[in-house]
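The values are calculated or read from the model by the stated rules, or taken from the named source; none is laboratory data. Just so it is clear, the structure is predicted and the values come from calculations on it, not from any experiment. Cβ atoms come from the backbone with ideal geometry, glycine included; neighbour counts cover every protein chain shown. Side chains are part of the model used for accessible areas, which takes the heavy atoms of the whole protein and leaves out ligands, DNA and RNA. Shrake-Rupley method; radii C 1.70, N 1.55, O 1.52, S 1.80 Å.
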Amino acid sequence: DFRNNFVHIDENRQMSIYTTKFDQIREVKILAKRRNKKVTRFRRVPRLNIGGIAFLFILVYIVVTCVIYWKKPKISVYEVTEKDISNEYNCTGLILREEKIVDTPKEGYLNYYYMDGTKVPKNKVVYTIDSSGEIYNLLKNANETVSLSKSERNLLWDTISDFRKTYDSSRYNSVSDFVYGVNNTVLELSSSGMSENVEKILKENKLTDSYESVTTAQSGVICYTMDGYEDKTADDVTGKDFDLSKYEKTQIRSSEQVKKNAPAYKIITSEDWKIVLHISKELYDKLEERQNDNAKKNVETSYVKIKTTRDNLTATVPYTLSTKEKDYFAILSMNDYIVHFLNDRFLSIDVVYDSVQGLKIPTSSILEKEYYQVPKEYFTEGGDSNKKGLIKEVYDKSGDLSYSFVETSDCYEDADGMVYVSKDLFSQGEWIRNQENQERYQISAIQKLKGVYNVNYGYCVFKPVDILYKNEEYSIVKPGTENGLSNYDHIIVDASTVTEDDLINNYKSE
């Protein structure tokens, strides 16, 4: 309390008495100055934070590792699968048969006894002619309806159903074929019903003078369409014959009166027929090459596999080749399915070329590796195991000869009895010995083998392959080769991105 006098004890324990407020304040300032002169300030030494440095180091390591991982290109690995591969060439085929159009002997109404596509024996009644039209008028005025059986209704429905399944808006002629098919089926069903009525009317009205039965002069398959190609042969075919925009097909059978010498039906007299394919120069060259290869082997007939686009019917048939001006043709010889394609003149055909089955691999995975070529008879089993190897001659510094068994686990045998061993096992010019007859063989011949890098165990191992077919994208190799590939093996897609024995820990599957 500055309002009263008080006692102050200083550092030397001396007592001072202040009587006024002013004296006390002045004394406090003097003491403060004395204390400040005696204080010494020290600089703080920074402490090392081991935990922070360790955390920072780990963080930098993780970031750098991630950047390297993402920037490093990933190795693509492919799983081997067993498939088949082929080249297919689509082309248009012109059907040629031994066919003949038969005309009517006189004018009249025709009533048919056989369905389209039926095989008719010789001297059988195919149709009847009503020359006066009396029977036709009686049938017309009878107002009798033809009832269809269940099988006949199914026949009509099958015709419609087949069109729905195979309809292609890009093929307009398929519509006209469908219309013909329906009309043909209806005419067949109505004709079968009329036959019974005709017999009944003949008996009731005793009309025989104007009614005549017509028989076949030869056996064959009956057909009721014509298109002007009936007399054409394979030698007559040109590129212009494949212009579908000008193609017309006419139905012969009709319920109207026909004139004398008008077409009555068409008969196919042989089950052997031909398909003339209008092909490209590329396919022509391939087929010609096959013919030449067969000729060298004294094989007279060459075959090709075909598949119809519409029905997926496949067949392997003999063929011959011909050219005319700038057009190329392949002539296929057929002896089956003639009734199936009875009302077709043109077919869309896929020629299946180079069709092979095996292990499918990317073509980019194939590489070449050099091996020493050694005859099979020089291999033996050595050591305390049954592992295969070679006996190598070894000379020491003094020139003394000794023998060393070299195990050859990485070796491959071909069909000619030659075995290929790794170049890492021997030096060119070294000698090996046949243990049975003591013959010597100098290792010198080098052969390049095609193969791929197998990575089933996480590192690249060379595996030889026997290529059956190859294109720019994929290849087909023979399965079951010694030390070769198997189904579901994993291989490097691009062999140029790795080397043998590389570890594969950063890859993507394809």
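Here the stretch 305-458 has 43 percent of its accessible surface on carbon and sulfur atoms, given a 1.4 Å probe and all protein chains in place.
Taking a probe of 1.4 Å, how large is the accessible area per residue of the stretch 269-368, in Å²?
I get 51 Å² per residue for this part.
Say R0 is 25 Å: what FRET efficiency, to the nearest 0.05, do Tyr247 and Lys122 get from their beta-carbon distance?
Details: r = 32 Å, r/R0 = 1.28.
Given R0 = 25 Å and the Cβ-Cβ separation, E is 0.20.
Past 22 Å, Cα to Cα: identify those pairs from Lys387/Lys448; Lys122/Lys266; Lys83/Lys307, in the order given.
Going by Cα-Cα distance, Lys387/Lys448 fall outside the 22 Å limit.
Take the Cα of Asn294, step 7 Å toward its Cβ, do the same at Glu381, and the gap between the two points is 4.7 nm. When only the Cβ of Lys, Arg, Asp and Glu is charged (+1, +1, -1, -1), the dipole of the stretch 307-358 relative to its Cα centre reaches about 100 debye.
Which value, in debye to the nearest 20, describes the size of the charge dipole of the stretch 214-294 about its Cα centre when Lys and Arg Cβ atoms bear +1, Asp and Glu Cβ atoms bear -1, and nothing else is charged? Intermediate values should be presented prior to the final figure.
Working: 12 positive and 16 negative charges, 115 e Å.
Computed about the Cα centre, the dipole is about 560 debye.
The chymotrypsin sites (Phe, Trp or Tyr not before Pro) of the stretch 440-510 meeting both criteria, a DSSP state outside H, G, I, E and B (loop) and at most 11 other C-beta atoms within 10 angstrom of the site's C-beta, are Tyr457, Tyr488. For Tyr474 and Asn90, what is the calculated FRET efficiency with R₀ set at 35 Å and r taken between the beta-carbons, to the nearest 0.05? My answer for the efficiency is 0.95. Of interest is the spacing of the C-alpha centroids, which for the stretch 266-304 and the stretch 400-429 amounts to 48 Å.
Modelled this way, with points 7 Å down the Cα-to-C-beta line, the labels at Ile467 and Glu82 are 2.3 nm from one another.
Please arrange Met226, Met334 by accessible surface area, largest first, computed with a 1.4 Å probe and ligands excluded. Kindly include the intermediate steps, with their values, before the conclusion.
Details: Met226 50, Met334 20 Å².
Result, largest first: Met226, Met334.
Each peptide in 121-130, 314-323 gets a packing score, the mean of other Cβ atoms within 10 Å over its residues, and the list from highest to lowest is 121-130, 314-323.
What full-extension length gain, to one decimal in nm, is calculated for Ser213 and Ala234 as 0.36 nm per residue of separation minus the Cα-Cα distance?
Working: separation 21, 0.36 × 21 = 7.56 nm, distance 3.59 nm.
Net length gain for the segment: 4.0 nm.
Rounded to the nearest 0.05, what FRET efficiency do Thr499 and Arg310 have when you use their Cβ-Cβ distance and R0 = 56 Å? Please report the intermediate quantities before stating the final value.
Working: r = 52 Å, r/R0 = 0.93.
Approximately 0.60, to the nearest 0.05.
Please identify every one of the GluC sites (Glu not before Pro) in the stretch 334-391 that sits in a loop by DSSP and has no more than 16 other beta carbons within 10 Å of its own beta carbon. Don't skip to the end; give the middle numbers.
Numbers: sites: Glu368, Glu370, Glu377, Glu381; in loops: none.
Qualifying residues, ordered by number: none.
Taking every Cα-Cα distance in the stretch 446-503 and sorting them into 5 Å bins starting at zero, the pair-distance distribution P(r) comes out as 4, 18, 27, 28, 17, 6, 0 percent.
Dipole magnitude for the stretch 426-510: about 180 debye, using +1 per Lys or Arg Cβ and -1 per Asp or Glu Cβ, origin at the Cα centre. Ordered from largest to smallest accessible area (heavy atoms of protein chains, 1.4 Å probe), the residues Ile101, Ile275 come out as Ile101, Ile275.
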